[in-house]
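Below: one structure, written as structure tokens.
The values are calculated or read from the model by the stated rules, or taken from the named source; none is laboratory data. As the structure is a prediction and not an experimental result, all values here were calculated from the model. Cβ coordinates were reconstructed from backbone atoms using ideal geometry, including for glycine residues, and neighbour counts include every protein chain displayed.
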Amino acid sequence: MDMGNIVQNIYNPYKIERKWQSIWRKSKLFSPDLNSASKPFYNLMMFPYPSAEGLHVGNMYAFTGSDIYGRMKRMQGKDVFEPIGLDGFGIHSENYAIKVNRNPKEQAKISQKNFYRQLEATGNAYDWERTLQTYDPDYYKWTQWIFTQLFKAGLAYRKKSPVNFCPSCKTVLADEQVVNRQPETRNQKPETNIGVCERCQTPVEKRELEQWFFKITKYADRLLKGLEKIDWSERVKIAQKNWIGKKEGIEIGYEVAGGPPKARLAKGGRLQVVCWTSRPETNFGATFVVLAPEHPQVLEITKPEHKKEVEKYIKASQNKSNEDRLTEGREKTGAFTGSYALNNLTGEKMPIWVSDFVLVEFGTGAVVGVPGHDRRDFEFAKKFKLPIKQVIAKPPQGWNSIDTSGLNAAYEGGGKIVNSGPWNGWRTPQDLGKVIDWLEAKGMGKRKATYHLRDWLISRQRYWGPPIPMVYCQTCASKGISWFSSNKRAESHHREISNFLFDSKLAQSEQYQISNKSKKIGNSEWNSAGWFPVGKEDLPVLLPDVKDWKPRGGARGPLAHVESFVKVACPKCGAAARRETDVSDTFLDSAWYFLGYLALGHQKSNLRPELRSREVKNQKYNSKVKNELEIINYLPKADHPLEGKLEIPWDREVTRRWLPVDMYIGGAEHSVLHLLYTRFLTMVFKDLGLTRFEEPFTKFRAHGLLVSKGAKMSKSKGNIVNPDDYIEKYGADTLRCYLMFCGRYQQGGDFRDEGIEGMSRFLKRVWRIANIVGRLSGHQEIRLSGNKKPDGPTTRQPESLTIMHQTIKQVTEDIESLDYNTAISALMIWLRALEKKTVDGNENKSVNRELITINELETFLKLLAPFAPFICEELWQRVHSRQFTVNSHKEAVNGQLKTNDWSVHFQPWPKFDSKLAKTEEIQLVIQVNGKVRDTLSAIRGISQNEAEKSALASEKVQAHIGNKKYKTIFVKDKILNFVLK
RNA sequence: GGCCUGGUGGUGAAACCGGUAUACACGUCAGACUUAAAAUCUGAUGGCUGAAUAAGCCGUGUGGGUUCGAAUCCCACCCAGGCCACCA
């Protein structure tokens, strides 16, 4: 044995992984031609946000799982596009920058380098020609442009909204930065109901700020309906459904009696308060009405002598921090307005109260109190000594008895309706529809659905994000001039687009009614006077370099203090105006990145040489349009309304070819926000004629959570796993396989150090067996024999063939269903069987070359390739006697060699024959009374008679049957059960 | 409080449509190789009773139910993790 061979035969993951990273990258192996791919397959994974020192092993877990799927699809003949980028704009990255006390822009450069280095080391088949970073001006130019499009379409508006404020950090916090207070000791549970700052644990306060919102509520019904058509993890669909939270109910108007004399306005000349309820069948039990403190009618309704108290209450609830609420517990508070609402059913007067347990955003912001049958109403009634009536009888004891005296809790369940005039004897919830019909028929109320979904708050009082591209001009505002009114055509076009948005199916829907209603009741009838979007020619609004970039107290972000940024001439009148200084939510960046990959890539021209020529034609989209109205002029009347007329960030042909995304994989923690926002934006794009599909992701799968030592990874627990360490020690292939082996991918797994050694051994064994077969057999020879004498059934089906087909079957099906752990286990079993074919696993002894065929070895490498791409590529070359180095294979690197000629990752995926995957011999289980007593080796397809005959011959079986009578249950090829009588 | 996951050996976990529970891996024990150790390879490994590689019983969070047969289906409950929460 010469020394060269020895050196060559040591598995050195570090060396071969570096080598193939370089060759793959230089040969642009995984950069498909977006323009001409015939079988496009968009394999997308949620891009990471660089918020810490480097890639988290949880990221690697997620990405590897997605990559394995994409790699199989590629070998199955698809043109797979698997892009990666960084979601590096936004609060996560900024928080990390604060922590390390470095300017986010500088930190982004450092993170970018580090993340991409790590991402490449993981061995994923990324298209490195088309990476994107959300903080690149090239990218956020279009994020801003998208904002202006939504503004022009009437889908962006301003309103006052409470934000979370940390008095200690003196900064505005996003919802996700407000967490439950952590316990002092480990044994305690976290206290719920107390929002604290995630960094300093200080209870947060609420502050009112005027901010930008997107009208996602307008799309609530479509977002709900769309779920039926898409192939997503069921749990994610349920989460979205719950988040949208559609509930059927009824709106009932109550006439206000005894209000202040001035307040007799409203439509019918009378003042009404409108309440929404999902349980109108309890309405005979209504004894009071409660308005939210922010309800617009509160002061109107309040009698003069109660004004002081009510005003005081409103003010107090506005200033209420979460800590105040804690000290008060959940005890109800409130103030009486002095007015009464007339209960249409009973004719009784119900006092109208104000209380902060009623939310202004939900329903109509007013609640009719039914203390007998609602927990909160009950608490409220007890506190303020309001009457409690029972109108639902609790079955079965209470069917006929009505007793409210000893009532110490509200009964919220169903039962017979009592004490309710014409409804007596009806049942709830069965007769709910009947009740609503009755109320509608009498004109007392109107069916209406209500939603949990709120409009999307876009504004962030932060530095590290895309400045919201809007300008506010006080001069224009004072004259009542807005963007909509300033352009002669704008208003009508605005109306046109609104009409379009609603007319197309939406106008008839109840959602349209809802949003119209909320316009009136909420304060979303906003005054757009003075607001102008920045024109496309002036985009991007660059994020200025700011020395003092850290968030500070108060209502404004750091940009508000940069005079050179704020000052701008009004685009309408030229007067001194100011820019919007908030930046947009990071979820806006990530809501269109799947389009961004396809879009921004073709602005670069460093594609594989054979692709370059095709690229030129796609540069034409740059034609200038000097039209403020842009899209509005090009509503989808024609087939290609935008063709050549409007600069949009993506190529229509390319997007049509590749979208929607074929497979999207990511964490379940994004079940609602990211995935819902992305769906929303996609629908808007479609409505604006920018794209042609309604749903962005045809198929989505949520992976599970990777924990470490049974607990979620966190610094405080000291169980964080850094992928770098493991890649260095074992190689990326081993880590990839081990991560996938930890448990079922869609359910998560537990990473334990001890286990990885086993995976390392497995790959070493693969390495050894491939090298033994390759070296001792002689490559040419083996290749020929593989081609000339393919495995196939001769007279008897060899066992080796069965296990190969079984393995192919299992691995193929397991990858398809993302059960990677069992796929790897199948490969381990097969490897063990292959090793048995060698005289001895020890390579010093000879190998029986007759027994392991080249077909088996090749098939094995192909099946393993998605999991362990580096080692399989290396072994593939060795088996085909190629000494592949970066320098020696210029043909491949220069793209002269076809990818499927040399790379294992472009080889056709092995096919299995279901017949061959079954053994001829089966083990038939013999049971007596359902208990296993023996097993029987039999030929597949054995008849019941034969089986019974053989089974009865068994002593073990006889011992249990004896002379007793029995009947039998026979499940073919599985079970024979003797049931004794 | 609501919703979603899950609960199987010493450990991570398998088990298709209800059909041999514990595949695969870790760990442990024993053996081979070695002067020795490491590495590697081979074998054993749910619990109890048993000398046993005989036989039997018990066993998938708990208690019931359906069934010839239940980790799997149904009902009630307990526990853990995640998300949301005064949503009428």
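Collect the residues in the range A:711-747 that are of a type outside the set (D, E, K, R), within 15 Å of A:Phe867 (Cα to Cα) and not in a loop (DSSP other than H, G, I, E, B), keeping them in residue-number order.
Here is the first cut: in the range A:711-747, the residues of a type outside the set (D, E, K, R) are A:711, A:713-714, A:716, A:718-723, A:726-727, A:730-732, A:734-735, A:737-743, A:745-747.
Retained after the next criterion (residues that are within 15 Å of A:Phe867 (Cα to Cα)): A:727, A:730-732, A:734-735, A:737-743, A:745.
Scanning the range A:711-747 gives A:Ile727, A:Tyr730, A:Ala732, A:Thr734, A:Leu735, A:Cys737, A:Tyr738, A:Leu739, A:Met740, A:Phe741.
Read through the list (1) more than 16 Å from RNA strand B (Cβ to nearest atom); (2) of a type in the set (D, E, K, R); (3) not in a loop (DSSP other than H, G, I, E, B), then give the number of the only condition that A:Asp750 fails.
A:Asp750 satisfies all of (1) more than 16 Å from RNA strand B (Cβ to nearest atom); (2) of a type in the set (D, E, K, R); (3) not in a loop (DSSP other than H, G, I, E, B) except (1).
Just to verify a result, which residue in the range A:721-747, among those that are more than 7 Å from RNA strand B (Cβ to nearest atom) and of a type in the set (Gly, Ala, Ser), is surrounded by the fewest Cβ atoms within 10 Å (Cβ to Cβ)? First the steps, then the outcome.
Residues of the range A:721-747 that are more than 7 Å from RNA strand B (Cβ to nearest atom), as a first pass: A:721-740, A:745-746.
With the extra rule that they be of a type in the set (Gly, Ala, Ser), the set shrinks to A:731-732.
On the way: A:Gly731: 25, A:Ala732: 27.
Top of the filtered list is A:Gly731.
Enumerate the pairs (first residue in the range A:905-930 and at positive phi; second residue anywhere and surrounded by 11 or more Cβ atoms within 10 Å (Cβ to Cβ)) with beta-carbon separation below 6 Å, excluding pairs fewer than 6 apart on the same chain, so at least 6 apart or on different chains.
A:Asn929/A:Leu980
Kindly list, by first and then second residue, each pair from a residue in the range A:733-748 that is closer than 21 Å to A:Ala121 by Cβ and β-branched (Val, Ile, Thr) to a residue that is more than 8 Å from RNA strand B (Cβ to nearest atom) and part of a loop (DSSP other than H, G, I, E, B), limited to pairs with Cβ atoms under 8 Å and residues at least 6 apart or on different chains.
From residues that are closer than 21 Å to A:Ala121 by Cβ and β-branched (Val, Ile, Thr), the pairs are A:Thr734/A:Ala868.
Give the number of residues within the range A:926-969 that are surrounded by fewer than 17 Cβ atoms within 10 Å (Cβ to Cβ), in contact with a Leu (Cβ under 7 Å, 6 or more places away or on another chain) and of a type in the set (A, V, I, L, M, F, W, C).
0
Go through the range A:214-251 and report how many residues are within 11 Å of RNA strand B (Cβ to nearest atom), in a loop (DSSP other than H, G, I, E, B) and not charged (D, E, K, R).
Number satisfying all stated conditions: 2.
Test each condition in (1) surrounded by 24 or more Cβ atoms within 10 Å (Cβ to Cβ); (2) polar (S, T, N, Q); (3) more than 29 Å from A:Ala37 (Cα to Cα) for A:Asn95 and report the one that comes out false.
Failing condition for A:Asn95: (1).
Scan the range A:580-592 residue by residue and report those that are in a helix (DSSP H, G or I), of a type in the set (Ser, Thr, Tyr) and either modelled with pLDDT of 95 or more or under 15 Å from A:Arg462 (Cα atoms) (or both).
Residues of the range A:580-592 that are in a helix (DSSP H, G or I), as a first pass: A:586-590.
From what is left, the residues that are of a type in the set (Ser, Thr, Tyr) are A:586, A:590.
Selection gives A:Thr586 alone.
Name every residue in the range A:127-150 that is of a type in the set (Val, Ile, Thr) and either in a helix (DSSP H, G or I) or in contact with a Leu (Cβ under 6 Å, 6 or more places away or on another chain) (or both), in order of residue number.
Kept after step one, since they are of a type in the set (Val, Ile, Thr), are these residues of the range A:127-150: A:131, A:134, A:143, A:146, A:148.
Once the filter is applied, which keeps residues that are of a type in the set (Val, Ile, Thr) and either in a helix (DSSP H, G or I) or in contact with a Leu (Cβ under 6 Å, 6 or more places away or on another chain) (or both), the range A:127-150 yields A:Thr143, A:Ile146, A:Thr148.
Quickly run through the range A:336-347 and pick out the residues that are of a type outside the set (Phe, Trp, Tyr) and touching a residue at least 40 places away in the same chain (Cβ under 8 Å). Talk me through it step by step, then tell me what you get.
Our first condition is that a residue be of a type outside the set (Phe, Trp, Tyr); within the range A:336-347, this holds for A:337-339, A:341-347.
Of everything in the range A:336-347, those that are of a type outside the set (Phe, Trp, Tyr) and touching a residue at least 40 places away in the same chain (Cβ under 8 Å) turn out to be A:Thr337, A:Gly338, A:Ser339, A:Ala341, A:Leu342, A:Asn343, A:Asn344, A:Leu345, A:Thr346.
Is it the case, given these coordinates, that A:Thr287 is hydroxyl-bearing (Ser, Thr, Tyr), near RNA strand B (Cβ under 8 Å from one of its atoms), modelled with pLDDT of 90 or more and within 30 Å of A:Ile417 (Cα to Cα)? Write out each step before concluding.
On the way: hydroxyl-bearing (Ser, Thr, Tyr): yes; near RNA strand B (Cβ under 8 Å from one of its atoms): no; modelled with pLDDT of 90 or more: yes; within 30 Å of A:Ile417 (Cα to Cα): yes.
Judged against the criteria, A:Thr287 is not a match.
Identify, please: which residue in the range A:437-483 is crowded, with 18+ Cβ neighbours inside 10 Å and among the charged types (D, E, K, R) and is, among those, farthest from RNA strand B (Cβ to nearest atom)?
Within the range A:437-483, the match that is farthest from RNA strand B (Cβ to nearest atom) is A:Arg462.
Give me the residue from the range A:753-768 that is of a type in the set (A, V, I, L, M) and more than 10 Å from RNA strand B (Cβ to nearest atom) and, out of that set, nearest to A:Asn124 (Cα to Cα). Spell out the reasoning first.
Going through the range A:753-768, the residues of a type in the set (A, V, I, L, M) turn out to be A:756, A:759, A:763, A:766.
Adding the requirement that they be more than 10 Å from RNA strand B (Cβ to nearest atom) leaves A:763, A:766.
Numbers: A:Leu763: 18, A:Val766: 20 Å.
Residue satisfying both the conditions and the ranking: A:Leu763.
Quick check on A:Lys320: is it modelled with pLDDT of 75 or more and within 13 Å of RNA strand B (Cβ to nearest atom)?
Numbers: modelled with pLDDT of 75 or more: no; within 13 Å of RNA strand B (Cβ to nearest atom): yes.
Considered against the rule, which asks whether it is modelled with pLDDT of 75 or more and within 13 Å of RNA strand B (Cβ to nearest atom), A:Lys320 comes out as no.
Residues A:Val57, A:Val80: which one is under 30 Å from A:Arg102 (Cα atoms) and of a type in the set (A, V, I, L, M)? Working first, answer last.
Working: A:Val80 fails: under 30 Å from A:Arg102 (Cα atoms).
Of A:Val57, A:Val80, the one residue that is under 30 Å from A:Arg102 (Cα atoms) and of a type in the set (A, V, I, L, M) is A:Val57.
Just the residues that are surrounded by fewer than 18 Cβ atoms within 10 Å (Cβ to Cβ) and assigned to a loop (DSSP other than H, G, I, E, B), please, taken from the range A:690-704. Before you say what the answer is, go through the steps one by one.
From the range A:690-704, those surrounded by fewer than 18 Cβ atoms within 10 Å (Cβ to Cβ) are A:692-694, A:698-699; that's our starting set.
Matches in the range A:690-704: A:Arg692, A:Phe693, A:Glu694, A:Thr698.
Quick one: would you say A:Gly413 is crowded, with 20+ Cβ neighbours inside 10 Å, more than 30 Å from A:Val566 (Cα to Cα) and of a type outside the set (Lys, Arg)? Show your work before the answer.
On the way: crowded, with 20+ Cβ neighbours inside 10 Å: no; more than 30 Å from A:Val566 (Cα to Cα): yes; of a type outside the set (Lys, Arg): yes.
Considered against the rule, which asks whether it is crowded, with 20+ Cβ neighbours inside 10 Å, more than 30 Å from A:Val566 (Cα to Cα) and of a type outside the set (Lys, Arg), A:Gly413 comes out as no.
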